[in-house]
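Presented below is the structure to which this report refers.
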Amino acid sequence: MARGSSALARLRLGRDRRRTLYALAAAAMLFVLGEIVHPGFASLDSLEAVLTVASFVGLVAAGQTFVVLIGGIDLSVPWILNGAAILLVTSSLGQNERAPYAVALTLAMGAGVGMLNGLGVAFLDVPAVVITLAMNGIMEGLTLGLSGGLTCQACASYAPPIVQQAVHRQILGAPAELYLWLAVIIIVSFVLGRTRFGRHTYAIGNNLRASYLAGISVRFTTVMLYALSGLFSALAGILLVGFGGQASLGMGAPYLFQSIAAVVIGGVYILGGRGSYIGAAAGAASLTALVSVLLAMNMPDYGRSIIYGVVILVLLLLYGREESER
Amino acid sequence: MTESEPAAGGVLPPAVEATGLVKSFGGVRALAGADFAAAAGEVHALVGENGAGKSTLIKILGGRLRPDAGSVRFGGEAIELHGPDQAHLRGAWTVFQELTLLPWMTVAENLLLRHEPRGALGFIHRRRLSRDADAALERLGIRHIDPDALVEDIALAERQIVEIARVVIKNPDILLLDEPTSSLGEHEVAWLFDLIRGLRARGKCVVFTSHRWNEIASIADRITIFRNGADVGTYRGIEESEAVTLMTGQRLDTLFPPLPPLAAATPMLEARDLAGQGIDEVGFTLHRGEILGVGGLTGHGHRELFLTLFGAQRAGRGTIRAGGKALRLRGPRDAIRAGLGIALVPEDRKTEGLLLPMAVRDNLTLAILDRISRLGVVRAGREREMTRQIAQALQIKAPSLLHPAGGLSGGNQQKVLVGRWLLAESRILLLYDVTRGVDIATKHEIYQLMLRLVDEGRAILFYSSDAEELAHLCHRVLVMREGRIAASLARPALSAEAIVAAAVREPLVA
């Protein structure tokens, strides 16, 4: 026992890294559990499938991590994502040659809407909850109105083949989507950990007033962070149509709750200032593993919802306790 | 009643007594076997450096913390306190250093919280609430605070007064005060001490902590000195130098280092006819190598002046020049970048200066990330080197530069803030009450640091609520009253008495 604890002490894991480990350990345990209730669950194929589904949550959670780190939140995820998915198919009409333009347009739309969120938070002092919720409603209305409730002719288009391949193509035995997610994990972690922008983000999340008095442009950083959140929602929308082939209404709905849950499970402090994207990514993986196990157990929808809620509450309680012990 | 045996010789047992108290937080031992006793009808001061265990003792006596070992007795009766309510039942009430008022409620609501007058149906009787609060304030001799004002809207010193009043109206037998004067000006301190004398005359026991020796000497009947989590001894009438030696375990020859005279008068910062929220017609010149003090009662525009000079508050009128160049300040960024650069150590370092959970390193380089980044990427090696050097130069004591700033002692936190601006190559330092709540040895260190900084060609604008400190440490002192500069005192006319006199003179006729 004593040796074990001293070995642990020697590891000197920071709290962030410890939580990432918790999340990954939870995912592993869920696979073991899945194998017990449903033999074959822990196969490589199903691992790949779970991670692919997790990657979409993970991408949205990247944006969510950025805004939660400054104590904000982005509730406009569902309809930015949904709008992006529809914008991609309608602007590309399923043609490869239009794909670059469609992808750029869609990402710009996401970043632009996110930027509006950021402008509202930074300049109008509107609480993030309010402005992003309103923005979600506006995006829902715009999407439904402009696509005629997804009845427009172009709405039935498929995602361009290269977008579909960007998700499905196998590289060294894994789908391209997972490489994409890995790249995002590396880039976002680098931005948060090593750049001036990342340092400013943590500083603002820890103490907005002190950051302002240290000469940080709080407003610029805030706007950029919300723009990034919109950008990642749009990216997830693009890849989701690439994954499924066609856009549908309501496809963004699950990603609000799941992205916030992933961020919380991964140990990003909900009031800002602490946490890492690698944690949120691990959170996305364990959350998806949980969903898959529940599905394998034939748990009905309502049961899954209850379990989600309980998991988040328990984690927040546990992390809150850890906070006060410090 | 349990074993409340009469003490030998008919002497009453102490009103409050603690024996063998031990308390640890994580790995840090705040109390290591501390004893303490205070009698009814006495004012008892607890002194010691930061981290000596005074606040922890007060929290244990007030029932906010439970000791790991040791016992607490009230009137000779051993009590295990599980929470503040039990202490309240024994008549022990605490006024805390950190403010605990609810900012969006009125003064009256805060004063009578949980003791609101009720109407017939059990609802709060609002008119009586206001009237009762008014009467209570009147009884305590507080006339300038409106019971219907929101706490958010009143000054820090006034909040502290409400905090004290809220406890005193509970009619405590034992009043515990943790640094009650740290945010009070001379005027308010006088009020508080009158109040304490009144309580003493009525046979109550008052225990308080303070870092200001003249206050302690003027009111305490007995003084218990703490060092490293234990009591060193209890004294009646002890000299300051002796007390400091006991507190620090070393002798400080003089608290205030000698101030070298100002050589040539090269202006570095000039304000002309500056006006804005809370300030009016402020003009002064700060020279190279000068420590220019700003004094006066709290709430008379000092904070606004500092924020305006730093660009954190808009100036409605007037000019600010640094190195002869007029500045247009749209925010702190402009001030930091403006040629010579202006730096502010804000009033409350915990809320306005440091990012407590972040590393010392991050706090030090926060204002210079632009300079140590290439293409937006922070150059880790350069950052490490720069922070190591500055930490060494300022003798910042931290387990490592990656340690959270919140884990450092108060004095070291101040040094981190000063270090941030030295790294930013600021030539003009605006130091706002940097010695507040800092122990004597650290104060001494900060004074020496300030002298070194001006000796190296910088200039310091220094606000302090301690007139003694201003008188000893500054070349000149501007005394502010109602947002204006009421007096400019230079040696030899400069003294603590002169500062206080200028601060409290009859209101200016406009």
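The values are calculated or read from the model by the stated rules, or taken from the named source; none is laboratory data. Being a predicted model, the structure only gives us computed values, none of them experimental. For neighbour counting, all protein chains shown are included, and Cβ atoms are generated from backbone atoms with ideal geometry for every residue, glycine included.
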Taking A:Val129 and the conditions (1) over 21 Å from the mean Cα position of the chain (by Cα); (2) closer than 19 Å to A:Leu228 by Cβ; (3) exposed (fewer than 15 other Cβ atoms within 10 Å of the Cβ), which numbered condition does it fall short on, given that it satisfies the others?
(1)
Among helices (runs of 4 or more DSSP H) completely within region B:103-171, the ones holding 1 or more residues that are basic (Lys, Arg), farther than 21 Å from B:Leu199 by Cβ and out of contact with any helix residue (DSSP H, G or I) (no Cβ under 8 Å at 6 or more places or on another chain) are B:126-139
Residues in region B:433-450: is at least one surrounded by fewer than 24 Cβ atoms within 10 Å (Cβ to Cβ), without any contact (Cβ under 8 Å) to a residue 24 or more places away in the chain and more than 10 Å from B:Gly411 (Cβ to Cβ)?
no
Do you know which residues across region B:79-121 are touching a residue at least 40 places away in the same chain (Cβ under 8 Å) and under 15 Å from B:Gly63 (Cα atoms)?
B:His88, B:Arg90, B:Gly91, B:Ala92, B:Trp93, B:Thr94, B:Val95, B:Phe96
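Looking at the structure I just gave you, is B:Arg491 of a type in the set (Lys, Arg), under 30 Å from B:Glu383 (Cβ atoms) and either at pLDDT 90 or above or surrounded by fewer than 22 Cβ atoms within 10 Å (Cβ to Cβ) (or both)?
Details: of a type in the set (Lys, Arg): yes; under 30 Å from B:Glu383 (Cβ atoms): no; either at pLDDT 90 or above or surrounded by fewer than 22 Cβ atoms within 10 Å (Cβ to Cβ) (or both): yes.
For B:Arg491, the condition - of a type in the set (Lys, Arg), under 30 Å from B:Glu383 (Cβ atoms) and either at pLDDT 90 or above or surrounded by fewer than 22 Cβ atoms within 10 Å (Cβ to Cβ) (or both) - is not met.
Does region B:133-145 contain at least one residue that is touching a His at 6+ places or on another chain (Cβ under 8 Å) and of a type outside the set (D, E, K, R)?
From region B:133-145, those touching a His at 6+ places or on another chain (Cβ under 8 Å) are none; that's our starting set.
There is no residue in region B:133-145 that is touching a His at 6+ places or on another chain (Cβ under 8 Å) and of a type outside the set (D, E, K, R).
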Candidates A:Gly193, A:Gly173 - the one that is more than 14 Å from chain B (Cβ to nearest Cβ), small (Gly, Ala, Ser) and either surrounded by fewer than 20 Cβ atoms within 10 Å (Cβ to Cβ) or over 22 Å from the mean Cα position of the chain (by Cα) (or both):
A:Gly173
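Yes/no matrix, rows are residues, columns are (1) exposed (fewer than 15 other Cβ atoms within 10 Å of the Cβ); (2) farther than 24 Å from A:Thr65 by Cβ; (3) in contact with a His (Cβ under 8 Å, 6 or more places away or on another chain):
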| residue | (1), (2), (3) |
| --- | --- |
| A:Gly141 | yes, yes, no |
| A:Cys152 | yes, yes, no |
| A:Val167 | no, no, no |
| A:Ala183 | yes, no, no |
| A:Ser189 | no, no, no |
Which of (1) over 24 Å from B:Glu179 (Cβ atoms); (2) surrounded by 22 or more Cβ atoms within 10 Å (Cβ to Cβ); (3) of a type outside the set (Lys, Arg); (4) within 14 Å of chain A (Cβ to nearest Cβ) is the odd one out, the single condition B:Ser373 does not satisfy?
(2)
Step by step: first the residues of region B:376-400, then only those that are among the small types (Gly, Ala, Ser) and over 14 Å from A:His200 (Cβ atoms), then the one that is farthest from the other protein chains (Cβ to nearest Cβ). Which residue is that?
B:Ala393
Please indicate, with yes or no, whether at least one residue in region B:294-316 is free of Cβ contacts under 8 Å to residues at least 60 places away in the same chain and touching a Pro at 6+ places or on another chain (Cβ under 8 Å).
yes
Here is a check on your reading of the model: is B:Leu366 within 13 Å of chain A (Cβ to nearest Cβ), surrounded by 19 or more Cβ atoms within 10 Å (Cβ to Cβ) and at pLDDT 90 or above?
yes
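What are the residues in region A:291-312 that are among the aliphatic types (A, V, I, L, M) and farther than 17 Å from A:Val60 by Cβ, if any?
Filtering region A:291-312 for residues among the aliphatic types (A, V, I, L, M) gives A:291, A:293-297, A:299, A:306-307, A:310-312.
Residues satisfying the conditions are A:Val293, A:Leu294, A:Leu295, A:Ala296, A:Met297, A:Met299, A:Ile306, A:Ile307, A:Val310, A:Val311.
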All but one of (1) within 11 Å of chain A (Cβ to nearest Cβ); (2) buried (at least 22 other Cβ atoms within 10 Å of the Cβ) hold for B:Gly293; which doesn't?
(1)
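Matching residues to (1) over 19 Å from B:Asn228 (Cβ atoms); (2) in contact with a Pro (Cβ under 6 Å, 6 or more places away or on another chain); (3) part of a helix (DSSP H, G or I):
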position	(1), (2), (3)
B:Gly41	yes, no, no
B:Ala45	no, no, no
B:Leu57	no, no, yes
B:Arg66	yes, no, no
B:Gly70	no, no, no
B:Gln86	yes, no, yes
B:Trp93	yes, yes, no
Are there strands (runs of 3 or more DSSP E) fully within region B:394-510 with at least 2 residues that are in contact with a Ser or Thr (Cβ under 7 Å, 6 or more places away or on another chain)? List them.
B:476-481
List pairs: first residue in region B:277-289 and surrounded by 18 or more Cβ atoms within 10 Å (Cβ to Cβ), second residue among the basic types (Lys, Arg) anywhere in the structure, Cβ distance under 7 angstrom, at least six positions apart or on different chains.
B:Asp280/B:Arg484; B:Val282/B:Arg484
Out of everything in region A:94-119 that is closer than 13 Å to A:Ser76 by Cα and not hydrophobic (A, V, I, L, M, F, W, C), what residue ends up being surrounded by the fewest Cβ atoms within 10 Å (Cβ to Cβ)?
A:Gly112
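Within region A:218-230, restricting attention to residues that are among the β-branched types (Val, Ile, Thr) and within 12 Å of chain B (Cβ to nearest Cβ), which residue is nearest to B:Val378 (Cα to Cα)? Steps first, answer last, please.
If we filter region A:218-230 for residues that are among the β-branched types (Val, Ile, Thr), which is where we start, we get A:218, A:221-223.
Among the residues that remain, those that are also within 12 Å of chain B (Cβ to nearest Cβ) are: A:218, A:221.
Details: A:Val218: 18, A:Thr221: 16 Å.
The residue in question is A:Thr221.
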(1) within 14 Å of chain B (Cβ to nearest Cβ); (2) modelled with pLDDT under 95: which one isn't true of A:Ser248, the others all being true?
(1)
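Within region B:104-121, is there a residue that is within 20 Å of B:Val167 (Cβ to Cβ), assigned by TED's automatic domain parsing to the domain that holds B:Ala39 and over 30 Å from the mean Cα position of the chain (by Cα)? Can you show your working first?
Applying the first criterion (within 20 Å of B:Val167 (Cβ to Cβ)) to region B:104-121 yields B:105-117.
Checking the rest, the ones that are also assigned by TED's automatic domain parsing to the domain that holds B:Ala39 come to B:105-117.
Now drop any that are not over 30 Å from the mean Cα position of the chain (by Cα), which leaves B:116-117.
Yes, there is a match, as at least one residue in region B:104-121 is within 20 Å of B:Val167 (Cβ to Cβ), assigned by TED's automatic domain parsing to the domain that holds B:Ala39 and over 30 Å from the mean Cα position of the chain (by Cα).
Quick check on this structure: which one of B:Ile154, B:Ile219, B:Ile142 is closer than 30 Å to B:Thr234 by Cβ, touching a residue at least 24 places away in the same chain (Cβ under 8 Å) and not assigned by TED's automatic domain parsing to the domain that holds B:His300? Before the answer, list the steps.
Details: B:Ile154 fails: closer than 30 Å to B:Thr234 by Cβ; B:Ile142 fails: closer than 30 Å to B:Thr234 by Cβ.
Checking each option against the conditions leaves just B:Ile219.
Could you list all residues from region A:103-118 that are among the small types (Gly, Ala, Ser) and free of Cβ contacts under 8 Å to residues at least 60 places away in the same chain?
To start, the set of residues in region A:103-118 that are among the small types (Gly, Ala, Ser) comprises A:104, A:108, A:110-112, A:114, A:118.
Within region A:103-118, A:Ala104, A:Ala108 qualify.
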Taking the condition farther than 19 Å from A:Gly94 by Cβ, within 14 Å of another protein chain (Cβ to nearest Cβ) and not in a loop (DSSP other than H, G, I, E, B), does A:Tyr179 pass?
no
Would you mention how many residues in region B:392-419 are touching a residue at least 60 places away in the same chain (Cβ under 8 Å) and of a type outside the set (A, V, I, L, M, F, W, C)?
5
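To keep it simple, each residue is scored yes or no on (1) surrounded by 18 or more Cβ atoms within 10 Å (Cβ to Cβ); (2) closer than 17 Å to B:Val167 by Cβ.
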| residue | (1), (2) |
| --- | --- |
| B:Phe25 | no, no |
| B:Leu31 | yes, no |
| B:Ala34 | yes, no |
| B:Val43 | yes, yes |
| B:Gly48 | yes, no |
| B:Ala52 | yes, no |
| B:Ala69 | no, no |
| B:Pro84 | no, yes |
| B:Val95 | yes, yes |
Would you tally the residues in region A:206-217 being assigned to a helix (DSSP H, G or I) and at the interface with another protein chain (Cβ under 9 Å from one of its Cβ atoms)?
6
